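Working notes for the structure below.
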Amino acid sequence: MQPLGIICDHLESLAPLRLSAEWDNVGLLVGDRQAEVERIMTCLTITTDTVSEAIERKVDLIVVHHPLPFRPLTRLTAETTEGRYLLELLAARIHIYSPHTAWDSAAGGVNQKLAEGVGLKHVEPLVADEADPAVGEGRRGVVSLSLAELASRVKQFLATPHIRLVGDPDRQIERVAVGCGSGATFLDAAKSHGCEVLLTGEASFHHCLAAEAAGVALLLAGHFASERFAMQHLAVELSDQFAELEVCCSQNERDPIMLL
C-alpha cells in the first residue's frame, strides 16, 4: 500500500498542475492524502460503467482524465448524474484524481504520445509554455506522407476503425499539428506554424468550414480514441512506479458514439 499523497505527488511530477488550463479542475478532487491506497484504476471518464467497475474491483483511487466534479457544486444529491456518481464513489471510499489538461500538455503526456505514436519527427509544443518552452499545449512535428497515409497511421496507432477527414486525401503533408480531444481551437495556432493538417478528436461543423477555408486539413479521430490510449499508458507507468500496488485501466469503458 501507499499513502494517497505519495501517489498524488508522483502524478503531479508527471503532469505539473501549473500546465493545466485556467478553466480546468485538476489534481486530487475527492480524497484524503493520508489514506492508504492498494488498488488504482485509470479511465477517460467517470460513467455508470466505470463507477460500477471501480466498485466491483474494490479500487481505492480512480485516476480519470475528465474531472469529476468539473464545476463547483452547490449541492450533492442523487438527483443529478454527477451527484449520483460521486455519492456512490464516496460510499465505496474511492478517491478521485484528474490530471486532465496538465496531462495533455506534459512532456510525456497525451499530445506528446499521440504525436510520437503516429510517427511525427522533431516534435515540439504547438503553443509553448512561457516558463518552460519544452512543454505546452498541443504538439507539432514533421512527416512525409499523403493525408490518407497519415490517416491510416492514426487509425492503426489508436486502434480505431474509422476516422473523419476534411481535405484532399491525396494531399502531401509535411507539417502536422496535434491537439487531442476537442482540439479544433488549435486551428489558428496550426495555421500560424504553417501546418498543413491538424489531428484532433472532434471539431464542430463551423470549425471544419474554417479549416477548409484556411487550407488546413483536419483528421478527426474521435474524442474518445484521441485520449483514451493515454490512460492505458498511464496505468502502465503507475504500475511500473508502484510495483506493490494493483493498477489497471478500465476494461468496461467504451466510446458512447457508435457507427452503424
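Checked against the criterion of being in contact with a Leu (Cβ under 9 Å, 6 or more places away or on another chain), among the aliphatic types (A, V, I, L, M) and open to solvent by 40 Å² or more (accessible area, probe 1.4 Å), the candidates Ala91, Ala107 yield just one match: Ala107.
Among the residues making up the stretch 209-234, those that are open to solvent by less than 10 Å² (accessible area, probe 1.4 Å), out of contact with any Asp or Glu (no Cβ under 9 Å at 6 or more places or on another chain) and in a helix (DSSP H, G or I) are Ala211, Leu234. Of the residues examined, Thr45 is not one that is hydroxyl-bearing (Ser, Thr, Tyr), open to solvent by 10 Å² or more (accessible area, probe 1.4 Å) and either farther than 30 Å from Pro125 by Cβ or without any contact (Cβ under 8 Å) to a residue 60 or more places away in the chain (or both).
So, in the stretch 235-260, how many residues would count as being over 16 Å from Arg164 (Cβ atoms) and open to solvent by 60 Å² or more (accessible area, probe 1.4 Å)? Looking only at that region, the number is 10. Any chance you could count how many residues in the stretch 14-44 are more than 17 Å from the chain's Cα centre (by Cα), on the phi < 0 side of the Ramachandran plot and small (Gly, Ala, Ser)? Going through the stretch 14-44 one residue at a time, the tally reaches 1.
Among the residues of the stretch 186-211, which ones are in contact (Cβ under 8 Å) with a residue 12 or more places away in the chain and over 21 Å from Leu145 (Cα atoms)?
First, the residues of the stretch 186-211 that are in contact (Cβ under 8 Å) with a residue 12 or more places away in the chain: 186-187, 189-191, 193-204, 207-208, 210-211.
Hits for the stretch 186-211 are Phe186, Ala189, Glu202, Ala203, Ser204, His207, Cys208, Ala210.
Taken over the stretch 95-126, the residue count meeting the criterion of being more than 30 Å from Ile55 (Cα to Cα) and more than 17 Å from the chain's Cα centre (by Cα) is 6.
The values are calculated or read from the model by the stated rules, or taken from the named source; none is laboratory data. Treat the numbers as computed from the prediction; the structure is a model and nothing was measured. No Cβ is skipped: glycine too gets one built from the backbone with ideal geometry, and neighbour counts run over all protein chains shown. Calculation scope for accessible area: heavy atoms of the full protein, side chains included, ligands and nucleic acids excluded. Shrake-Rupley method; radii C 1.70, N 1.55, O 1.52, S 1.80 Å.
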